1. Within the group B:Y64, B:Y18, B:Y37, which residue is among the aromatic types (F, W, Y) and in contact with an Asp or Glu (Cβ under 6 Å, 6 or more places away or on another chain)?
2. Looking for something charged (D, E, K, R) and either in a helix (DSSP H, G or I) or closer than 23 Å to A:H705 by Cβ (or both) - is there at least one such residue anywhere in the stretch A:608-623?
3. What helices (runs of 4 or more DSSP H) lie completely within the stretch A:788-901 and have 3 or more residues being out of contact with any Asp or Glu (no Cβ under 7 Å at 6 or more places or on another chain) and under 22 Å from B:P55 (Cα atoms)?
4. I need the full set of residues from the stretch A:421-437 which are in a loop (DSSP other than H, G, I, E, B) and buried (at least 23 other Cβ atoms within 10 Å of the Cβ), in order please.
5. Being under 13 Å from A:C425 (Cα atoms) and modelled with pLDDT of 90 or more narrows it down to one of A:H306, A:H293, so name that one.
6. Quickly run through the stretch A:186-208 and pick out the residues that are touching a residue at least 40 places away in the same chain (Cβ under 8 Å), in contact with a helix residue (DSSP H, G or I) (Cβ under 6 Å, 6 or more places away or on another chain) and either in a loop (DSSP other than H, G, I, E, B) or small (G, A, S) (or both).
7. Quick check, is B:L57 aliphatic (A, V, I, L, M) and under 16 Å from A:G635 (Cα atoms)?
8. Of A:L214, A:L244, which residue is farther than 28 Å from A:D61 by Cα and modelled with pLDDT of 90 or more?
Amino acid sequence: MSLFLIVALPFLGALLPGLMNSAGRQACAGLTFTVSLAAFIGLLTNLPAVLAGDVVTARVDWIPSLGMNFTLMLDGLGFFFAFLILGIGLLIIAYARSYLARDDNMGEFFTYLLLFQGAMVGIVLSDNILLLLVFWELTSLSSFLLIGYWKHLPEGRQGARMALTVTGMGGLSMIGGMLILGQIAGSYDLSVILQNRDLIQADPLYVPALLLILLGCFTKSAQFPFHFWLPHAMAAPTPVSAYLHSATMVKAGIFLMARMWPVLSGTPEWFVIVTTAGLLTMVIGAVIALFKHDLKALLAFSTVSHLGLITMLLGTGTTFGAMAAVFHILNHATFKAALFMSAGIVDHEAHTRDIRRLGGLRHLMPITFVIATIAALSMAGIPFLNGFLSKEMMLEEATHTTLFGAWWLVPALATFGSLFSAAYCFRLIGHTFLGPVRDDYPTKPHDPGAGMWLPPAILVVLVVVIGVAPFLVQDFVFLVAKSVIGGVGELEVKYIKIWHGLVPALFMSIAAVVGGLLLMTVFNPALRMWDAAPRPEAKTIFEALIAAVVALAERVIHGLHNGAFSRYGAIMAVTVIGAGYYAWATGSVAAATREMQPITPMAAAGWLMLVAATLGMVFLHRNRLLSLILIGITGLMVSVGFVFFSAPDLAMTQITVEVVTIILLLLALNFLPNRTPLESTVMRRTRDAAIAVAGGLAAMGMAWHFLVREAVTSPISQFHLANSYKGGGGTNVVNVILVDFRGFDTYGEIIVLGIAALLIYALTETLLSGPVRARLLNRTPDQPRAGDMHPTMMVVLTRVMMPVVLMVGFYIFLRGHNEPGGGFIAGLVVSIAVVMQYMASGFGWTSARLRYPYHGIIGAGVLIAGLTGIGSWFVSKPFLTSDFTYVRIPPFQEFELATAALFDLGVFLAVVGAVMLSLESFSRLARRAHVKDPEHPMDIDPSRDDPQPVAVKEGV
Amino acid sequence: MELLVASAIGVLTGGGIYLMLRLRTFPVILGISLLTYAVNVFLFASGRLSIGGPPILRDGVEFYADPLPQALVLTAIVISFGMTAVVVMIALGAYLGADDDSVDDPAEPSTGEVK
């Protein structure tokens, strides 16, 4: 089966269980099992190739420019881990079916589990380290969901958050490490990186990369001092613990160390860091595990300890160590998954996991007893069980390892750790299963159904088979070990043997087991000593650390982001000015190359008006109506400036936009207070003025700077000028750029404009359907109303003007391609004509005559523009390629027909719709309850016999 | 002439910043409008200033103003109308809902609780 399918199957399958909840628990579990089984069988189909020593690959380019490709590879190591992940996954799924209670949401559980499984398989099959990172982060996220599965338990939520924080942090640092590694090797493909051992180890950035990657591995694999999250993750349902902490999640860090072993190992840095961390973790985990009373906590710390053991073996950097590590990964996965599942059975049946409340279970749960005992003895390192074999190898390796110049250090610590390891295994068996039957269990335990004991039983069979007949897995272990080692060295051992003769490792092993038994005899005094001894509580430290970080973040955020908009504005302005000043002060300035153009009196007059209006606004802004008039002058002068500086299109756009903006602001001012109160202190106004002056000077300086210099490179405008007529068929270059050269931009812009209008409409709807509506309806205007709301003169005038304006709009639209004009301007002109009808004849009268809703007009505009663009696909051209031709209908002049005009029609409609929808929305707010919308265009009509409207008297 | 345009941009920016830092919605909206003018003129001026050379192709004319900044600014002007309208609507909604047109949240002591 294709590697893609193996990785994709769990992800695709993850969609189903969540949806199938209503189909029942059996269906959910069955489906999940089938999906996993399919992936597992798919993996097995690749077994012959892997056994033959081939590397199966699959490749799809994803983002080649970043070096990120979807490349997968399956070698011995990848196969080994994928086998564990999918194989143990199958057992876990079967076990979880029986374990989960009736009110647990099973679909959700299996969805998370499959997501996690897919991410894990993705990690072990990735050939691209960036892809690997993606899957790595996915495991952090999906394990967060799994650990926090029991959302109602605070421990579950806290444990999940802690796991995510620690592993997520490690993931971040690993991204850094991987990027450095990729930079050194010149490729992000593992197959390339693994070939470049010498290059990478000689690079000065090797140590930073190593540290960052190891940080990721250590956090994931719970190595000291990041071991503390793992026991807290035990708040998860037991199937999750069994899965995450035996074969998968915590092994991801180990996997990565094994994967990177050929390039990263063998240096003194690697040896010291990895071996020390592993050794410390092994000893500390084993000691703590002995004194834990919760079965799962005991197993959690034993997992930490065993992960330390594997890490230490990888750290030694010898081929034997690598082989022993591989073998122990296999053995640990089998006995630890079985033990977790047994602990889950005890919890499930006795309703407690507290060792102090258990004991004597061998009579009540004989099957569980046998399973747990064999698995625990294997973990303790008793001969003829698989744990013994790999533990011997570890001790053997320890005797050859010298750390910090002391030959005795590693063997002594290894023996010490093994001793505690044996002791907690004996405690697990002795205090849970042996001893007299008690009568105070929370519920009377008995063996569960086969659904729960069969999965661990299968694993225990493996424990015994490997333990008795190691030659069965020997070739496979060597194959995996060889793919770990790569081309770095040769594997020297030829066989995995139970009996090695009277070697030091044997005596260390005996010392550990005997010492463990002796330790158990003095367990109670030892426990009292342990309880009395002060020791740091990792959770408290972690929480204090998090609280400190949160407090710091709060201080920073509350300083910057305290809900005062004026403060954000000031911070932003000062930052921008500061950044600009820094660039100015550190950059170099070229000499001026452009002659200044002489100032004409007319230009000076325009400038004077603009400056006077703007300054007037600043000083008189408390009178809002006045400032509105002044901003009108400013806008007018800007338009005039555009005409003056050869931009007729801009001038036309600016002046029409100015009209609708002023109308809009007038509508708003109808509701808002008409004066701004004086609130800020003199101090504050001085500060704001200083910022404003600095900002103004900066903008002026920058504008001045480039106005007197030529562009550094020749602008692309020359292309537009040269091709506007030839390629676009129009002489108005600005319009041709809008509808042709940069048509796609324009298309986006009309969509944005449409969205803005719809947003305004939606906000109006919200306001009118909420409590604001009543206030609006009962509002008494703070200004006297005009007596004649719809003056006859104005109504008549606007009616007469309407067809004229429409004609002008049509003319501007048509000539746009060759003369100043086009869809934008025509749209604004037509909008103004329609707005004038609203103003003169009233909202009710105009709305009644509206044929098409404005939403529809926006939509039609965007559709027409889009379809014009799509049209070019039919002649196999890219989106929005334009074409044109000249036609002549006899009585008229020859004129041009361009697809760009159709596009411009879309622009026109979108602009009309958007402007009108915005203004109409504002007007709707203004309708009041006690003033009826007149049905007639004029308030006073001599031909009617209306009673005088109330509004007439109200005002004057 | 360059000096006039540059100083006009400066005045518009300064006035815009000052009004943007006021405490009520209406002057802030006017301030943003002034900044919009400043930015549009600034972008337009990046094509350098030319008088009497509109980018409308004519036979025999060799000199044209830079059309590209003009095209970019044209859409910017229209979009800025949409933006102003949305901001005005938000300001209006806030005022009608709370009967207060302050832009700053009322100062309240930080609770320090992030749970």
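The values are calculated or read from the model by the stated rules, or taken from the named source; none is laboratory data. None of these values were measured; they are calculated from a predicted model. Here the Cβ is made from the backbone with ideal geometry for all residues, glycine too, and neighbour counts use every protein chain on show.
1. Details: B:Y64 fails: in contact with an Asp or Glu (Cβ under 6 Å, 6 or more places away or on another chain); B:Y37 fails: in contact with an Asp or Glu (Cβ under 6 Å, 6 or more places away or on another chain).
Residue meeting the stated conditions: B:Y18.
2. Initially, the stretch A:608-623 is screened for residues charged (D, E, K, R), giving A:622.
Going one step further and asking which of them are either in a helix (DSSP H, G or I) or closer than 23 Å to A:H705 by Cβ (or both), we end up with none.
No, the stretch A:608-623 contains no residue that is charged (D, E, K, R) and either in a helix (DSSP H, G or I) or closer than 23 Å to A:H705 by Cβ (or both).
3. Details: elements: A:792-815, A:823-841, A:843-848, A:854-871.
Passing ranges, in order: A:792-815, A:823-841.
4. Taking the stretch A:421-437 as the starting set, the residues that turn out to be in a loop (DSSP other than H, G, I, E, B) are A:433-437.
Within the stretch A:421-437, just A:F433 meets the criteria.
5. Working: A:H293 fails: modelled with pLDDT of 90 or more.
That would be A:H306, the only listed residue that is under 13 Å from A:C425 (Cα atoms) and modelled with pLDDT of 90 or more.
6. A:Y188, A:L194, A:N196
7. Values: aliphatic (A, V, I, L, M): yes; under 16 Å from A:G635 (Cα atoms): no.
No.
8. Details: A:L244 fails: modelled with pLDDT of 90 or more.
It is A:L214.
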